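Structure first, commentary second.
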Amino acid sequence: MSEPTDLLRQEREAEELLGAVSSEVVGARLRRARQRMGLSIRDLAATARVSKNSVVRLEGGGMPQAMTVVKLCAAMGIHVASIAKPAGDEAQIVAIHRQANDRWFDLTDFGAGPVEDRPLSEEERRERVSQGLKVPLLILTNRLETGRLLPTVIELYEESEKRSHSGEEMVYVLKGRARIHVGLQSFDLEEGEAATFWSAEEHSYAPADGADLPVRVLSIRIDDRA
C-alpha cells in the first residue's frame, strides 16, 4: 500500500476515534505523551512536519484535525487509539500512598509478608523489634502501574544485612543520623541529607554512632524488572 493511501486510511480511522472524546481530552493526552518522551513542542512539530502553532492549538483543547493527530502520533510512535480512547479509560498518571495503606515488613525477610495486615504505630514497631523483628520496612504503595521507582521507608535500630541489586538507589534521612555502607566506603548522613549509589555494590544501612533510635530513611530505587 502506498504511503498517501495508508495516511488516508489512518485519517479516516482517526476521524472515527476522535469523535468519541472531547478536544480537551485529546489535547491533554497529546501533551502528556509529548512530555513523557521529553520532547518540546518545537521538536515534535518538526518531527511530525506540522506547524508549531498546530501543536499549541491542539494541546490547548482546539478542535483536532485528524491528519494532524495522525502525524503527531506517528512522530511519537504511538497509536491514535491511545489518544482517542474513551474518557473514562485513562492510564494511571498519579499514584498515592495513604497512611491506611501502611504495611510493615522485615527487610531481612520481606518475602514472608507484612508483620500485621494493618498500620503499626512506632510503639508497636518498637515492641516487634524487641520480639525479633530485625529491620522494619514500609513498602510505599505510590508506585505507578508501569513505573520503575520502588519507594520504601526503612527504620533502623541496628545495622541491616548487606545486600546488592541492579540499578541505582537514593537514600534520604527522614529522622536521626544514619550510616550508609557502600562497598568499602561508609558515610554518615544527618537528617535531611541524602546519598545516591550504584546498588550493585554491596550496601547496608545503620544508625550512626550515638544516634537516637529509631533512625528512619527513605529509600528509592529503580526496578530494572519493570
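The values are calculated or read from the model by the stated rules, or taken from the named source; none is laboratory data. Computed from a predicted structure; not experimentally measured. Glycine also receives a Cβ, built like all others from the backbone with ideal geometry; neighbour counts cover every protein chain displayed.
Tabulated results
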read-out: Filtered residues of the stretch 48-77 (kept if within 29 Å of the chain's Cα centre (by Cα), part of a loop (DSSP other than H, G, I, E, B) and surrounded by 14 or more Cβ atoms within 10 Å (Cβ to Cβ)); value: G61
read-out: V25 in the same structural domain as L8 (by TED's automatic domain parsing), free of Cβ contacts under 8 Å to residues at least 40 places away in the same chain and at negative phi; value: no
read-out: Strands (runs of 3 or more DSSP E) contained in the stretch 106-179 and holding at least 1 residues in contact (Cβ under 8 Å) with a residue 40 or more places away in the chain, in the same structural domain as T196 (by TED's automatic domain parsing) and touching a Ser or Thr at 6+ places or on another chain (Cβ under 7 Å); value: 149-156, 168-175
read-out: Residue within the stretch 31-47 that is more than 28 Å from the chain's Cα centre (by Cα) and either at pLDDT 85 or above or in a helix (DSSP H, G or I) (or both) present; value: yes
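Residues checked against (1) farther than 25 Å from S130 by Cβ; (2) in contact with a strand residue (DSSP E or B) (Cβ under 7 Å, 6 or more places away or on another chain); (3) not aliphatic (A, V, I, L, M):
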position: K52; (1), (2), (3): yes, no, yes
position: Q65; (1), (2), (3): yes, no, yes
position: L72; (1), (2), (3): yes, no, no
position: Q99; (1), (2), (3): no, no, yes
position: D106; (1), (2), (3): no, yes, yes
position: D109; (1), (2), (3): no, no, yes
position: P114; (1), (2), (3): no, yes, yes
position: R118; (1), (2), (3): no, no, yes
